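Q: For reference, the structure I am asking about is given below.
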Ligand code: 6SG
């Protein structure tokens with residue numbers, strides 16, 4: 001029995017970063033899939049701390065909030081920088097990923113038809129900071145911060161992959177981000193996960209838009 005359980009809707013959504021982290025770190029986990037009908041019954045929602053998913057368990061530890069889960073796994077597997085300065089820089093990066101993920105979710109769930117064109121037009125402004133972050137670490141040849149992969153790299157990789165589906169050429173003007181996506185996606189365990197039905201068969205979002 002794997003020690004971890006991810007309780008979530010049948011989407012990539014806010015869980016794909018943690019799934020990529022776990023897969024790349026050679027871990028297994030159980031998926032507790034919650035359908036719309038199950039969720040609408042209300043009892044699971046009522047039992048969740050903030051009335052939302054994902055919920056993550058590691059034995060008797062129960063966590064909510066996707067970024068807290070990523071950070072927990074980051075600490076547990078040594079994916080949170082080598083010292084407090086690197087950890088702080090990773091927080092800077094991950095909070096930026098969260099800000100753009102929220103904008104993306106607003107587009108997908110609230111404003112897709114009317115808002116997509118403008119969103120894609122403004123996307124370079126949103127992506128530039130991540131190109132800058134990479135450029136500040138070893139010429140962009142490695143990871144967001146330092147010499148090792150981090151929880152924030154998995155989160156950023158997911159964010160970039162879903163934006164490439166929204167706007168296929170969105171990284172063309174960003175050579176470091178383009179190379180970063182290719183490099184990280186080719187890590188053997190991550191590559192296998194990204195090619196698996198567990199990833200490819202799952203919709204990105206809960207309303208079918210992408
Ligand atoms: C939605 O927002 O999947 N959780 C979502 N929605 C259900 O009743 N800050 C935290 C975090 O980082 C945000 C949690 C997040 O962890 S994620 C949630 O719980 C609620 O509020 C996006 C996602 N959407 C799938 C979905 C939600 C509404 C329509 C489709 C629930 C599933 C199917 C129907 C209702 Fe559905």
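The values are calculated or read from the model by the stated rules, or taken from the named source; none is laboratory data. Just so it is clear, the model here is predicted, and its values are computed rather than measured. Cβ coordinates were reconstructed from backbone atoms using ideal geometry, including for glycine residues, and neighbour counts include every protein chain displayed.
Q: Considering every residue within region 12-29, establish whether at least one is farther than 20 Å from residue 155 by Cβ and near the ligand (Cβ under 9 Å from one of its atoms). Reasoning before the result, please.
A: Going through region 12-29, the residues farther than 20 Å from residue 155 by Cβ turn out to be 28.
Still in the list and also near the ligand (Cβ under 9 Å from one of its atoms): none.
So far as region 12-29 goes, no, none of its residues is farther than 20 Å from residue 155 by Cβ and near the ligand (Cβ under 9 Å from one of its atoms).
Q: Report yes if residue 71 is within 18 Å of residue 202 (Cα to Cα), touching a residue at least 12 places away in the same chain (Cβ under 8 Å) and either within 9 Å of the ligand (Cβ to nearest atom) or within 15 Å of the chain's Cα centre (by Cα) (or both), otherwise no.
A: For residue 71, the condition - within 18 Å of residue 202 (Cα to Cα), touching a residue at least 12 places away in the same chain (Cβ under 8 Å) and either within 9 Å of the ligand (Cβ to nearest atom) or within 15 Å of the chain's Cα centre (by Cα) (or both) - is not met.
Q: Tell me, which strands (runs of 3 or more DSSP E) lie completely within region 1-83 with 3 or more residues that are farther than 27 Å from residue 95 by Cβ and touching a strand residue (DSSP E or B) at 6+ places or on another chain (Cβ under 9 Å)?
A: Filter on region 1-83 gives 29-33.
Q: Restricting the search to region 116-128, which residues are loosely packed, with under 14 Cβ neighbours inside 10 Å and touching a helix residue (DSSP H, G or I) at 6+ places or on another chain (Cβ under 6 Å)?
A: Hits for region 116-128: nothing passes.
Q: Search region 11-38 for residues that are under 20 Å from residue 64 (Cβ atoms) and pair each with any residue that is at pLDDT below 95 when their beta-carbon atoms are under 7 Å apart and the residues are at least 6 apart or on different chains.
A: Partner pairs satisfying both residue conditions: 29/2; 30/2.
Q: Residue 73 - would you say it is touching a helix residue (DSSP H, G or I) at 6+ places or on another chain (Cβ under 7 Å) and modelled with pLDDT of 95 or more?
A: On the way: touching a helix residue (DSSP H, G or I) at 6+ places or on another chain (Cβ under 7 Å): yes; modelled with pLDDT of 95 or more: yes.
Taking the combined requirement at face value, the residue satisfies it.
Q: Could you tell me whether any residue of region 48-56 is within 7 Å of the ligand (Cβ to nearest atom) and in contact with a helix residue (DSSP H, G or I) (Cβ under 7 Å, 6 or more places away or on another chain)?
A: yes
Q: Return the residues of region 189-210 that are away from the ligand (no atom under 16 Å from the Cβ) and in contact with a helix residue (DSSP H, G or I) (Cβ under 9 Å, 6 or more places away or on another chain); say none if nothing qualifies.
A: Correct list: 189, 190, 191, 192, 193, 194, 196, 198, 200.
Q: Report yes if residue 108 is within 13 Å of the ligand (Cβ to nearest atom), surrounded by 19 or more Cβ atoms within 10 Å (Cβ to Cβ) and within 17 Å of residue 149 (Cα to Cα), otherwise no.
A: Values: within 13 Å of the ligand (Cβ to nearest atom): yes; surrounded by 19 or more Cβ atoms within 10 Å (Cβ to Cβ): yes; within 17 Å of residue 149 (Cα to Cα): no.
In short, no.
Q: From (1) within 16 Å of the ligand (Cβ to nearest atom); (2) surrounded by 12 or more Cβ atoms within 10 Å (Cβ to Cβ), pick out the condition that doesn't hold for residue 77.
A: Result: residue 77 passes all but (1).
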